[in-house]
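Worksheet for the structure shown next.
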Amino acid sequence: MKIAPISEELFQRAQHSIPGGVNSPVRAFRAVGGNPRFMVSAKGPYMFDEDGNRYIELINSWGPMILGHAAEVVQEAVLKAIPNSLSFGAPTRKEIEIAELIVDMVPSIEKVRMVNSGTEATMSAVRVARGYTGRNKMIKFEGCYHGHGDSFLIAAGSGAITLGVPDSPGVTQGVAADTLTAPYNDLEAVKRLVEANKDQVAAIILEPVAGNMGLVLPEQGFLQGLRDLCTKEGIVLIFDEVMTGFRLAPGGAQQLFGVTPDMTTLGKIIGGGMPVGAYGGKKEIMNFVAPAGPVYQAGTLSGNPIAMSAGMAMLQYLQSHPEVYTNLEQTTSNMVNGMKQNMQELGMNYTINHVGSMFSIFFTEQPVTDFESAKTSDTTMFGRYFNSMLQHGVYLAPSQYESLFVSTAITDDLVQEYLQANREALQEASR
Ligand code: PLP
């Protein structure tokens, strides 16, 4: 039984000086009940809290820690870069090297601009798509999350659904009017929207595998259908690969599914745990970005040398160790198959979605293919399951509407430990 009085005290204190006591909403555990744990350190598959509790990690900083926490290859690169200055605000060789590596790895990217977060990447990509096409409207999908830029906070996933505010106050009607939404996996609905807004749609943006309404996979033909539609209608197709980039394959979901968008947004793994994002795509589109072209986008700390060093070390490692992906796939399959076996033995039939090193359990018996079906999950039961797993020393995302991320630090022994916890938590959650 894990008790956490120090975390509890810190959470009380945090609420006096930080809104809701946290710097990003889902961390607050509001959807699952209980108090967040305050962390002091992490290594490999584990995080350790202020009370000295150890947790097996399945969030991995919401994705970046694909090699587990404090990966030596990344830490060494950071330590080596520190003495040369924390920031120059002037160009460096390292920025060219990482750009060349990204161009080499990600099929759709011919030119890339580094930014500081996934949010900046998506906001900038849509601005560029609008500048390039001379059109204003954008289509996004219900339950997809693209960061907290105004125009994306319409039917948004992740923390926005978790806290019940998929349409945020503070977003003007003018901005909202330019964002059109369609159900995920519904190509016909997208075609209808495009037809009804002929020659007005600048971009279609989506997570090629959605991770922000829980994990939802694209159905056969959905991505290719969008590709064909965008080509026909002169719309910029943007894959938001902030989660899936470098995770599902070295070249992301676009490599895995063999569909190449016009633009791609990246984050998380690309910084190895440092605050980094990037957007890139076809040369003719990226040449619209200042100072090459008229669409303005800038950043004081963009291309920061410490962040670039961490990202470079991470990407080089992933590119030169393709076995990472087969190993992660195997570990994750073992976890998912073990969970299915647990459920079968307990007479349960909940839905698990899974691809590569990402998975989600939904407390519903129906297939989950879009936001509507994701919402059939029993979130109260998820809350009980989450808290039981926490008590068994497994740290999950504190929301039904998130994906879990497996790292290479999860050994076979830890898979067994995880499955034992899963079995007990399933029983406890259904009482
Ligand atoms: N896009 C996707 C698909 C994401 O999952 C996220 C964050 O989880 C973002 C964009 C926003 O990235 P950031 O939180 O770095 O701003």
q = 0.09, 0.10, 0.17, 0.18 Å⁻¹, segment 72-320: log10 I(q)/I(0) [Debye, one scatterer per Cα]: -0.37, -0.45, -1.28, -1.41
Defining a contact as two alpha carbons under 8 Å apart and six or more residues distant in sequence, what relative contact order in percent does the chain show? 23 percent
HN-Hα J in Hz across segment 109-115 - Karplus 6.51, -1.76, 1.60, θ = phi - 60°, x for Gly and Pro: 9, 9, 9, 9, 10, 8, 10
Segment 274-347 and segment 118-191 have their Cα centres apart by a whole-number Å value of 21 Å
To the nearest µm²/s, what D does Stokes-Einstein give for segment 123-253 at 25 °C and 0.890 mPa s, using the Kirkwood radius over alpha carbon pairs as Rh? 166 µm²/s
If you wrap a convex hull around the C-alpha atoms of segment 86-193 and split its volume per residue, what is the figure in Å³? 166 Å³
Using just the C-alpha positions of segment 259-320 as equal point scatterers, what log10 of I(q)/I(0) does the Debye formula give at each q in 0.16, 0.25, 0.29 1/Å? -0.63, -1.08, -1.13
Given H placed on each backbone N at 1.01 Å, which residues far from Glu402 in sequence or on other chains put an amide H within less than 5 Å of it? Gly214
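Between Asp413 and Ala90, what length in nm is gained on full extension when 0.36 nm per residue of separation is reduced by their alpha carbon distance?
Answer, rounded to one decimal: 111.6 nm.
Hull surface divided by four, with the convex hull built on the Cα atoms of segment 230-296: how many nm²?
5.3 nm²
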Which peptide among 11-18, 328-335, 237-244, 134-141 comes first, and what is the full order, when sorted by highest mean count of other Cβ atoms within 10 Å? 237-244, 134-141, 328-335, 11-18
Using θ = phi - 60° and Karplus 6.51 cos²θ - 1.76 cosθ + 1.60, couplings along segment 279-295 (whole Hz; Gly, Pro as x): 9, x, x, 4, 4, 4, 7, 5, 6, 7, 7, 4, x, 5, x, x, 7
What is the packing order of peptides 41-47, 289-295, 72-78, taking the mean over residues of other C-beta atoms within 10 Å and listing the highest first? 41-47, 72-78, 289-295
Whole Å is fine, so just give me how far the alpha carbon centre of segment 1-46 lies from that of segment 68-108. 31 Å
Given labels modelled 7 Å from the Cα in the Cβ direction, how far is it in nm from Val175 to Lys232? 3.3 nm
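How large is the Kirkwood hydrodynamic radius of segment 96-156, counting all unique pairs of alpha carbons, in Å?
Computed over segment 96-156, the radius equals 13.1 Å.
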Debye-sum result for segment 288-431 in log10 I(q)/I(0), which assumes one identical scatterer on each alpha carbon, at q = 0.15 Å⁻¹: -0.84
If you wrap segment 150-211's Cα atoms in a convex hull and average its projection over all directions, what's the area in nm²? 4.7 nm²
If you average the sequence gap of Cα pairs under 8 Å that are 6 or more apart and divide by the length of segment 72-320, what percent do you get for the contact order? 31 percent
Once both label points are put 7 Å beyond Cα along the C-beta direction, the Val103-Lys80 separation in nm becomes 2.3 nm
Hey, what does the equivalent ellipsoid look like for the chain, semi-axes from the Cα gyration tensor as sqrt of 5 times each eigenvalue, largest first, whole Å? 33, 26, 21
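Each value in this text was obtained by applying a stated rule to the coordinates, not by laboratory testing. Model, not experiment: these values are computed from the prediction. With ideal geometry, Cβ positions are generated from the backbone for all residues, glycine too; neighbour counts draw on all protein chains shown.
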